[in-house]
Structures are given as structure tokens and as C-alpha cells.
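Read the structure below first, then the notes.
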Amino acid sequence: MGKGKNGGDAPGIQTFSEARQRPTGDGLAGPAAPPTEITRGVVTILLALYLVGLLLCVAGNSASGSSALVRTIKTRLFSPWMVPLWLDLAYDTRLTYGTPDDADHFLELRPWNAPASATGATLRLPAPGVRGERAARWRRLARALVVGQDDSDREGLLPAAVAEGLFASLGAEDLSLRVLRTIPPDRDVASAGGRGTVEQAYACRVRRVAGEVQLLPLPPAAEVAPLVANEAPLNPTPRSN
Amino acid sequence: MNAPNSPPPDAATAIGEWWNRFWFLPAEALLLAKVRWLAGGLALLLWWSYGPDLVTWFGPQGLVSPEVSSQWRPAYGLSLWDATAAPAGIWTLYACGALMLLALTIGFGTPVTSVLAALFFASLLHRGPMLAGPADDVTALMLWCLAIGRSGDALSVDSFLAARAGRPAQPPAVRNRIALSLLRVHASVVAAAAVLAQLKGDVWWDGSAAWWLAARTNSRMVDLAPLLANAEYLTNLLTHGVTLFEIVFAAGVWIGPVRRSVAWAGLVAWPLIGLLAGEPFWGAAMAILALACLAEE
């Protein structure tokens, strides 16, 4: 089929006009009709529009924020059709900044009156043994509970929904919900045999009273525990120092 | 009409030729079909990861209620799952989506199933936006690119049935070129956006990022922590290697003489980065984008 050589500068490369006139090989349907000037013009406009939208989405969804100009153009002209397609994204996969936000988060729920040592009454999500992308989704959910507290529109909404959804599983309508995260040690500390810690990132009490779900945020606790082996303990103990 | 400051006609012609060749030179479906198999398979795996917790998240007493979901997603976000919270409805939609993705992967009814598969996939992500990760983002864009091309013309049930019916194979198509070129644009943009985001963090400058990735006890795929804890230079090398590769990849796919070498390197490096970062599906998705960069020009 007269493939060109690799790369645009290769000696055997054909121009677009030449390539359009290439014969087809045996066993193929007739040559595809080349796009007309009008078709190419329309498609070029659509492509240019999408590429502008792509750049604005990358610039406008960055974790660093965006200018009012970029935000307004993107929101008014591009978001209406790029959001439904799940294309209005920044693609800013940072992987890690080494901050507590980047640590592995998990959820811990138990009946409010159950003692902290009652591991049988405690539900941990992702459950031990759950791995891969399924566990990653639970970790994202746990992290979203923490991140959502910084947004006045979302504050408390997700924790209340999560706890309410687990009332039946835990057999109680008064729950303690905590988001914990396993903070890795500094490399220097690890090389000296030190281990990471488990930190409480968010805590609240969620209960149903007279059919209404109430969320009572608990004050932040400087609660950490040494990380034992490779598994975070379910019930971190208060910091001793 | 040449204004005094306009580029010479030769430059304009060259740019026009490049644009036409990049977007409109008919391309065979074989490479796009390979992308379809891999991206479809990856989408099925990601789809599968929702299965065990589907009702726990989206059911009648779901943790991610429709109210939470609507508050979390941006304006204009829509989901087919908004229509039902009943387990039967949720499972029906889930099964339909799985069938569409399977049909896309094997290339059955591709012109229709490729669009529906992308629609179902985006819809599931919109139902629980806080559950979606970087692999979902890249997979979604690949599915939309596949919906543009004619990937079902090769390595597919469609092409098999056409051959059995005695119909000739489809010639190279402009739609395949547009799809492959869009995939290449996204490969570059996603890599560039990732490296820009990373370089805002100190750990990517002081060379410790690889340690923070390896030391995450729950999400890591391979335990390099014992190795890196006592090897500062190796940690630095891995960290800088990741950022350097991402920069080279984002730029290299546009440089003719090295484009295919960079793409081949991406097929190996992206999965390794994904393993190191505890995001193996993201690494796989980026490798599939790298594959699309091998397109002939």
C-alpha cells in the first residue's frame, strides 16, 4: 500500500497530494474517496476547536488554579460538550508530592459506643485483602472525604452519605467515621530502621435521630501510631511524645 | 494577498501540507485495531473493578448517593445511572456497558458499539467522579478517539464476517488517520501535563519522589522501599529518569527522526512508571497511547 518511511523528514515521504493519488493494493475495495476541500475545511475547524478546548481544559483544571479569562471561556464554550464526554480534564497526574495528601488513605467506621479495641465491630475500607484498582477506588473515596472538607458546598455531604450507607452493615445508626492515612517515613528515617505512622485526617460522628441524619465533626486529633510491618493497624493509639 | 509581515508562501504551503498529511492522509486500520484491542481490554478491566462494589456505591442506600454525585461533578455532568438506584437497573446498565466494551474490543458492530462503549464508560465515571483515577481519564479519551476511527476494519469480528461474505477489505481511511493523530496529540499533551504537574512539587526536584512512591505501603505494586532506603543516588536517578522520560516523550513524538524510537521506549517505560507509582492501569493506558504514536506517515 505504498507506506511512507518513518517520520516526516524521511526521504521516501510523499506529499499529501501524491499520497491521495496512490493506487490501492489487491483485495481492497476501491480507493477511498479523498475528502473534498469543503470536508477538510469543516473537519479542520472542528479539530482546531477541539484542540483549543483541550488546551483550555488542561490550563483551566490545573490544581494551581486558573485565570478568570481561561475559566470563563472554557466554562461557557467548551465545558457544555466536553464535560459529558469526560474530556474536560487537566490530566495533571502528579503521582506524588510527598505530602500527607499523597499518602494512602482508608476509611474506618465503627459503632459510636464500641470501644476502640473492638476490632470485630470495626469496618475498614478498603477491606484488608482487597487490592488493585478496586482498592484504589476506595482510597480515592477516603481521600475525597478529606478534600471535600475544604469546599463549603461539599462539606459533610460525603461523610454523611458514606456513614448512612453503612448503618445497616454495622448494625448501628450512630457511627464513628474516621479517615486515616499511612504516612511513609523519610528515606533517612527508613534507612535507620524507622517506620511510618498512621495519621487521622478526618473524623466525625454520624447518627440518625428521628429519621434525620446528623453529622457531628470531631476536632482534629494529633493521633498517630507507628506503622507495624506493612499493614496499618486498625486502631491507632495516641502519640506518646 | 501577502501582507508585508506574512510568512513566505513556501512556509504557508509547507504548513498546509503538514496539516493535511497529519490529519487527512488515509491510514490503514491495523494499528488502530491493535489500539482497540488493548484499550478495550483495559476499559473492561477498569469496568470490572467497579463490579464488586457497584450496589454498595450506587445502590438505594449507596455511599455515593445521587445527591453527593451531583454535588461532586461539574455542571453539565450526566450519567445514565442517574435514572435509577434500584439494583436491577444498576446491574442492567452495568451489563449493557460491559457488553458494549466487549463488542468494541472484539470489533463487533464497531461503528455503533465504539460510540456506545465510550458513552457508557464516561457515564459510569460521572456517576462517581471521586472514584475515578488517571487511568479512567486516559481510557475515556482513547475510547472517544476509537469512536472516530474505523478500527473495526481490521482484526475484528466485523472484518471476519465481511471477508466470509466475500466483501473486499476496506482501504485506508481518513477517519483512521484522524483517530491516530488525535491519540498522538493526547499522548503528548497528557505526558506534558503530567510532567508540568510533577515539577510543581519539590520532591521531583530534590530527587526523592521515587522514594515517596515506593514507600506507600498499601498502593505500591512492587516493594522497592528496602532497596531505595539505602540508595539515595538510585532514588534520585529513578526520580529524574521519570521526569526526563516524560519530557522526552511529550516532545519526541513530534520529532520525525526519533518519533518511533520514543514511542517504542514509551511502550516499555510507561508501564514501569505505572508500577513504580502504584498506578499500573495508568501506565498501561499511556503505553497504549505510545503505541498509537507508531503510526506510519
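For B:GLU67, the solvent-accessible surface computed with a 1.4 Å probe is close to 120 Å², ligands and nucleic acids excluded. The magnitude of the dipole of the protein assembly as shown, with charges of +1 and -1 set on the Cβ of Lys/Arg and Asp/Glu and taken from the Cα centre, is near 880 debye. Contact-buried residues of the range B:42-76, at a threshold of 40 Å² lost accessible area versus the chain by itself: B:SER49, B:ASP53, B:TRP57, B:GLN61, B:LEU63, B:VAL68, B:GLN71, B:TRP72, B:TYR76 (1.4 Å probe; DNA, RNA and ligands ignored).
For the protein assembly as shown, the equivalent ellipsoid derived from the Cα gyration tensor has semi-axes of 45, 27, 21 Å, listed largest first. Computed about its Cα centre, the charge dipole of the range B:27-172 is approximately 360 debye, with only Lys, Arg, Asp and Glu carrying charge at their Cβ. Whole-Hz Karplus values for the range B:238-249 come out as 5, 4, 5, x, 5, 5, 4, 4, 4, 5, 4, 5 Hz, taken residue by residue from phi with 6.51 cos²θ - 1.76 cosθ + 1.60 and θ = phi - 60°; glycine and proline positions read x. Normalised per residue, the accessible area of the range B:192-297 is 39 Å², obtained with a 1.4 Å probe and no contribution from ligands, DNA or RNA.
List the relative contact order of the range B:27-172 as a percent without decimals, with contacts defined as Cα pairs under 8 Å and 6+ residues apart. 35 percent. Think of the range B:27-172 as a dipole: +1 on every Lys or Arg Cβ, -1 on every Asp or Glu Cβ, centred on the Cα centre; then among B:ALA117, B:SER156, B:THR92, B:SER156 lies furthest on the positive end.
Each residue of the range B:14-21 was assigned a 3J(HN,Hα) from its phi angle through the Karplus expression (A = 6.51, B = -1.76, C = 1.60, θ = phi - 60°), giving 5, 5, x, 4, 4, 4, 5, 5 Hz with x at Gly and Pro.
Per residue of the range B:69-77, in order, report the coupling 6.51 cos²θ - 1.76 cosθ + 1.60 (Karplus, θ = phi - 60°) as ³J(HN,Hα) in whole Hz, putting x for Gly and Pro. Once θ is set to phi - 60°, the couplings for the range B:69-77 become 4, 5, 6, 8, 8, x, 4, 6, x Hz. Normalised by the residues of the range B:118-213, what does the relative contact order come to in percent, with Cα pairs under 8 Å and at least six apart? Relative contact order of the range B:118-213: 22 percent.
Counting only Cα atoms, chain B measures 65, 59, 43 Å along its principal axes, largest extent leading.
When peptides B:277-289, B:11-23 are ranked by their average number of other Cβ atoms within 10 Å per residue, the highest-first order is B:277-289, B:11-23. For A:VAL198, the residues whose modelled amide H falls within less than 5 Å of its own, excluding neighbours fewer than 5 places apart on the same chain, are A:ILE183, A:ALA225, A:LEU227. Near the amide H of B:GLY278, within less than 5 Å, lie the amide hydrogens of B:MET221, all on another chain or at least 5 residues away, with H placed in the peptide plane. When a 1.4 Å probe is rolled over the protein heavy atoms, the share of accessible surface on the range B:42-92 that falls to carbon and sulfur comes to 68 percent. Carbon and sulfur together cover what percent of the accessible area of the range B:120-179 at a 1.4 Å probe radius? Percent of accessible area from carbon and sulfur atoms in the range B:120-179: 60.
Contact with the other protein chains removes 20 Å² or more of accessible area, compared with the isolated chain and a 1.4 Å probe, from these residues of the range B:140-189: B:LEU141, B:TRP144, B:PRO168, B:ALA169, B:PRO171, B:PRO172, B:VAL174, B:ILE178, B:LEU182, B:VAL185, B:HIS186, B:VAL189.
Under the criterion of Cα pairs below 8 Å and six or more residues apart, the relative contact order for chain B equals 22 percent.
For the range B:27-172, what does the convex hull of the Cα positions come to per residue, in cubic angstrom?
Numbers: hull volume 15.2 nm³, N = 146.
In the range B:27-172, the Cα hull volume divided by residue count equals 104 Å³.
Against the criterion of solvent-accessible heavy-atom surface with a 1.4 angstrom probe, B:TYR233, B:TYR94, B:TYR76 sort, most first, into B:TYR233, B:TYR76, B:TYR94.
Element breakdown for the range A:66-127 at a 1.4 angstrom probe: carbon and sulfur atoms account for 61% of the accessible area.
Between A:TRP112 and A:ASP174, A:LEU175, A:SER176, the built amide H atoms are under 5 Å apart, and every one of these is 5 or more places off in sequence or on another chain.
Counting only other residues whose beta carbon sits under 14 Å from that of B:LEU131, what net charge do I get with K and R as +1, D and E as -1? Cβ neighbours under 14 Å give a net charge of +3.
Its convex hull of Cα atoms gives the range B:192-297 a direction-averaged projected area, equal to a quarter of the hull surface, of 6.6 nm². Ligands, DNA and RNA excluded, the heavy atoms of A:ILE45 present near 110 Å² of accessible surface to a 1.4 Å solvent probe.
Chains A and B together bury roughly 7700 Å² of accessible surface, counting both sides and using a 1.4 Å probe on protein heavy atoms.
The values are calculated or read from the model by the stated rules, or taken from the named source; none is laboratory data. This structure is a prediction, so every number in the text was calculated from the model and none was measured. Don't worry about glycine lacking a Cβ; one is built from the backbone with ideal geometry, like all the others, and counts go over all protein chains shown. Only protein heavy atoms, including side chains, enter the accessible area calculation; ligands, DNA and RNA are left aside. Shrake-Rupley method; radii C 1.70, N 1.55, O 1.52, S 1.80 Å.
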